[in-house]
Structure formats: C-alpha cells, structure tokens
Amino acid sequence: MARRVRGLAASAADQPLAEWEFERRDLRPDDVAVRITHCGVCHTDLHAWHGEPAYGNVFPLVPGHEFVGEVAEIGDAVRDFAVGDAVAVGNIVDSCGVCDMCVGGHEQFCVEFPTLTYGGVDRRDGRPTHGAYSTEYVVTEGFVYRLPEGLDPAGVAPLMCAGVTVWEPLEQWAIGPGMTVGVVGLGGLGHLAVKFAAALGAEVDLFTTSPSKADAARRLGVRQVVVSTDEEQMAEARSRYDFIIDTVAVAHDVSGYTMALKFGGTLCLVGALDPTSINPLAMLGRNLTVAGGGGRPATRRMLEFCGRHGITADVEVVPASAVGDAFDRLARNDVEFRFSLDMAGLR
Ligand SMILES: [Zn+2]
Ligand SMILES: [Zn+2]
C-alpha cells in the first residue's frame, strides 16, 4: 500500500501550483515518514517552477526542500527517531555514502551526485522525488535532523537550505572573534549570514544597494551598512575585510568586493551568479579564493549552534493556499527575508 499524500504541484512550467494528490513510497526499513508542518520558500523553487533544466525540469513538480515536521511513522530498522519527534530535512535526501566526499561528510559534493529532495531521482527505486510542499515526506533516516528545542519551527525550516548554505563557508573559514566579515545582500541567505557571523563573534558589515535596510540590518547584528552603489563608501571599505560572503541571487559586478578584502581574504559566492561577472585577474592579483557550497555534519553543527544561540530565520508565515501569491511576491523581491508555508491547510 503506497501512501497517499496531498501536495502543491505545477503540471508544467509556469502553470500555477495546485493541489495534487500523489503517492509516497511505502516505508523501507531505514525510512522515516515526516508529517510536514512548515516548508520554507526558496528561490530555487521559483527557478524549478519556471522549468529551468538545472532543477530537474520534471513535471508535475512539487517544490520544497527546507522543511520541518513531526515523525509520523518509522521503518523497522530505524533506531534514532521515534514517532512524535520534531525533525527537519533539507535539500539532500540521500547520497552514495561511499565516495570520498560522502565519507568526509560533504554529501552535497557526492561524486555520484546526491539525491535532491525534489527534482531528483530516488537512487533505490528510480522514481522522481517530490518536494515538501505537501502533507508528508518519506526520507531515509540518515538525512533527518533533530529540531533544536525552544526554536520556532516555522523559522527553522529555512535554516535547512538557506541556513546551511551560508553556515558551511562561515565554518570552513573559521569565522570568529577578531575577524571582519562583509555580507552582501540582506535576503533569505544574507540575513542568516549576518546572524551567524555575529553570533560567531565576528564584526559584521552589510553591503547593500538599499539604504532602507539599515535598521533591519542593525537589529540583526550589523555594525556598519555600506551602500554598494556609493563610490565614496566603497572606497572607504577598501582592504577592510577578512571574509566577504555574497548572497545576491542575480548577476552583478563583484569587483568592488574583491577590493574590499584584505590581502589573502576570501570572497565566497553563495547566490546563484552569472560567472562572467567575476574578473579572474582581480582575484589572482590579491590572492583571493572563490568559494561556494551542506553536508550532514555541518548541518547538525549548525542546528546545534542555532539551538544554543536562539537563532532562526525571520519568516513571514503564509498558509499553503497562498503559495501563488508568495511566489509572485518572491519573484519581485517583495519579501523581507523568507516565506514559510504553513502546511496545516493542506490536510
Ligand atoms: Zn533552497
Ligand atoms: Zn558519494
């Protein structure tokens, strides 16, 4: 007996998301069924809905790859989770498990490519994966994470994609006290980068084109706001930063940020970016590194850190039925940080 679930699906690119009943697989021995309460709305969901091939381009498409919920059922071999546990899942639900990357805990770089939460193909039964804009998800227990106690679940959901995307580089480059960090952009990724870097003890400045974001930025822990279109401010920011994390999702010129780094600093690009906007000479001349890229150990450490510091994403919670409006607003950048879909209405 396959499991019947309700979801929000697009039947083709640019067709509206509509309620759709579909089947999840029966639980395998190491599977956990998660009754979904909240799912974050990621920019990737929008790209996938537009049918961009990088996101699978398989319809019907059920987006959603950063979610939280409650364990509804467990397979016979599951020992680490019990029915009723509060859990979270991100954008990878399986990987080969044996390559160097997987063994090293960097499943996102699995040489066989990890199984994506949606728009992927299950590596055991060959069926397409459907995302978490739905009532329930079935996932192997190795890719299920415990929800930290005391955090608002709606705000934890975006940690599972947006959060880990910025957490992993901050951890890899050992951001901490005594370092100056620049965050470019204050959207879903950027506001979490600010919270993490500040809680890690670094001094954090924000680069933005919108001076109106200054108050929100300071509330999140930013020391100084640098308006990136202001030449004078950018000139003052020269050679100031150990690390700059650029979270802007549209093509833009990054040369100003390479100049804002100290010698040997790191510019980390985590927004999806047009590669032609990077001038390699600017990088070589200053001995800079370009980075991008969350494995399971880093995801666990991020959640533990968030629990300890009381960090969640700032979310606007909207009912699942309002997903169309949320997509429209995301497309025109009309959301302060992140939407979190409340799935209760789908049941
Ligand atoms: Zn995402
Ligand atoms: Zn692998």
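Please treat every number below as a calculation from the coordinates, not as lab data. Because the structure is a prediction, the values reported are computed rather than measured. Quick reminder, even Gly has a Cβ in these numbers, built from the backbone with ideal geometry, and neighbours come from all protein chains shown.
Here are a few things to note about the model shown:
- A Cβ-based charge dipole, computed about the Cα centre of the chain with Lys and Arg at +1 and Asp and Glu at -1, lands at about 420 debye.
- Modelled FRET efficiency - R0 45 Å, residue 112 with residue 219, Cβ distances, 0.05 increments: 0.55
- Applying the Karplus relation 6.51 cos²θ - 1.76 cosθ + 1.60 with θ = phi - 60° to the stretch 21-29 yields 3J(HN,Hα) values of 9, 8, 10, 9, 5, 5, 5, 7, x Hz, where x marks Gly and Pro.
- 19 Å reach of a label modelled at residue 77, 7 Å along Cα-to-Cβ, counting backbone N of the stretch 3-29: 25-29
- Over the chain, DSSP H runs of length four or greater, each weighted -39,500 (n - 2.57), average out per residue to a 222 nm ellipticity of -6500 deg cm²/dmol.
- Cα gyration tensor shape for the stretch 120-186, rounded if a/c is under 1.5, else prolate or oblate: prolate
- Kirkwood Rh and Cα Rg combined as Rg over Rh, evaluated for the stretch 97-255: 1.03
- In this label model, residue 262 and residue 121 are separated by 4.8 nm, measuring between points 7 Å along each Cα→Cβ vector.
- Loop-located GluC sites (Glu not before Pro) in the stretch 69-168 (DSSP state not H, G, I, E or B) with no more than 15 neighbouring Cβ atoms inside 10 Å: 112, 149.
- Within-11-Å neighbourhood charge of residue 83 [Cβ basis; K, R +1; D, E -1]: -2
- Amide H partners (placed H, <5 Å) of residue 243, local residues excluded: 180, 182, 266
- Theoretical FRET efficiency, 1/(1+(r/R0)^6), r = Cβ-Cβ of residue 152 and residue 212, R0 35 Å, to 0.05: 0.85
- Restricting the stretch 140-193 to chymotrypsin sites (Phe, Trp or Tyr not before Pro) that sit in a DSSP loop and have at most 11 other Cβ atoms within 10 Å of their own Cβ leaves nothing.
- Cα centroid separation, the stretch 99-158 to the stretch 32-95 (Å): 6
- Approximate spin-label separation residue 322-residue 233, in nm, with each point projected 7 Å along Cα-to-Cβ: 3.1
- Ascending count of other beta-carbon atoms within 10 Å, so fewest first, for 340, 95: 95, 340
- Computed extension length for residue 15-residue 50: 11.7 nm, one decimal, from 0.36 nm per residue of separation with the Cα-Cα distance subtracted.
- Shape summary of the chain, radius of gyration then Dmax from alpha carbon positions: 20.0, 66 Å.
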